[in-house]
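Contents: one structure, followed by commentary.
The values are calculated or read from the model by the stated rules, or taken from the named source; none is laboratory data. Just so it is clear, the structure is predicted and the values come from calculations on it, not from any experiment. Because the Cβ atoms are built from the backbone with ideal geometry, glycine has one as well, and the counts that use them run over all protein chains shown.
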Amino acid sequence: MKKLSKVLAVALAIAVIAVTFVACSGGSTEKEKLSLATSADFPPYEYIGDNGAYAGIDIEIAQAIADKLGRELVVENMDFDSIVGAVSTGKSDMGMAGLTVTPERLESVDFSTSYAKGIQAVIVKEDSPITTVDDLYAEGATYKVGAQLSTTGDIYFGDDISEGLTTCTLEEYQAGADAVAALSSGKIDAVIIDNEPAKSFVAANSGLKILDTKYADEDYAIAFPKGSALVEEVNKALEELIADGTVQKIVETYIPAE
Ligand code: ARG
């Protein structure tokens, strides 16, 4: 009896040590999370790959930043028009989505250093009567123009309509691919969207082309809650990744140089 309790005591002691060890080592390797708001509907910047995993330029740059910061990247996928709100309210640590720096967005979020240039392009059907961006501004033009909700293409064209600069109309879609599908099926006449996604969508759908003239030039950057301490940390990491060629290498994997 006495012997048995001794054996039990030793076993118990070993168990306690083992549990403590596992708990501590687990605790010390658990990284602080870095949540990323994005809208994975925008190849080649962010999309869901064939294997079901998030992929794209922004995802890889975000991962490289998280690695430098020693944090675990957690992708939070949402509709594009929810991103700025998720970031400004602090629900997400940062937002990356081919996101253009605009004066209006700067009122609710802070932006990192810019890591890429964007271009707003116009997609039309191959046999479209629209041959330049100016055609959308021609007197009496009644083309239906589509854009993803809350994107700069949507905002700029909506502003142009309000200001009476164009007599065309605007159709808003939750995703760029929905606008492109509406164009393919003849419901609308043109789609304003960023140039690289435009190329992806045109490659994936026959009968479409991108106009040679562009609609607008912009800068992409990472958004943060106003005053976030991450801005400085991420800028430092991002500048290192730009300087050592990592960003360029990531971009070239997705956008082969012509
Ligand atoms: N650059 C445009 C903007 O900031 C469009 C970005 C859309 N991004 C996306 N992941 N759907 O408004």
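Points to keep in mind about this one:
- Flag if Asp50 is within 29 Å of Val180 (Cβ to Cβ) and under 13 Å from the mean Cα position of the chain (by Cα): no
- Any pair with Cβ under 8 angstrom, 6 or more apart, that starts in segment 130-145 at a residue that is under 14 Å from Ile161 (Cα atoms) and ends at one that is of a type in the set (D, E, K, R) and assigned to a loop (DSSP other than H, G, I, E, B): Tyr143/Asp189; Lys144/Lys187; Lys144/Asp189; Val145/Asp189
- Meets criteria (buried (at least 17 other Cβ atoms within 10 Å of the Cβ) and not aromatic (Phe, Trp, Tyr)) for Pro256: no
- Only listed residue being within 16 Å of the ligand (Cβ to nearest atom) and either modelled with pLDDT under 95 or of a type outside the set (Lys, Arg) (or both), chosen from Ser150, Ser162: Ser150
Quick grid of which residues meet (1) away from the ligand (no atom under 14 Å from the Cβ); (2) in a strand (DSSP E or B):
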residue	(1), (2)
Gln120	no, yes
Val124	yes, yes
Asp127	yes, no
Thr131	yes, no
Asp134	yes, no
Ala141	yes, no
Gly146	no, yes
Asp154	no, no
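- Identity of the residue in segment 75-130, surrounded by fewer than 21 Cβ atoms within 10 Å (Cβ to Cβ) and acidic (Asp, Glu), that ends up farthest from the chain's Cα centre (by Cα): Asp127
- Entry remark, segment 161-171: residues being buried (at least 17 other Cβ atoms within 10 Å of the Cβ) and under 24 Å from Val84 (Cα atoms) number 2 in total.
- Those strands (runs of 3 or more DSSP E) lying entirely in segment 23-85 with at least 2 residues away from the ligand (no atom under 16 Å from the Cβ): 33-38, 72-77
- When the test is whether a residue is buried (at least 24 other Cβ atoms within 10 Å of the Cβ), under 19 Å from Ala216 (Cα atoms), in contact with a strand residue (DSSP E or B) (Cβ under 9 Å, 6 or more places away or on another chain) and not polar (S, T, N, Q), Gly146 passes it.
- Taken over segment 86-110, the criterion of being assigned to a loop (DSSP other than H, G, I, E, B), small (Gly, Ala, Ser) and closer than 25 Å to Glu30 by Cα is satisfied by Gly90, Ser92.
- If only residues of segment 49-65 that are among the aliphatic types (A, V, I, L, M) and without any contact (Cβ under 8 Å) to a residue 12 or more places away in the chain are counted, the one that is surrounded by the most Cβ atoms within 10 Å (Cβ to Cβ) is Ala55.
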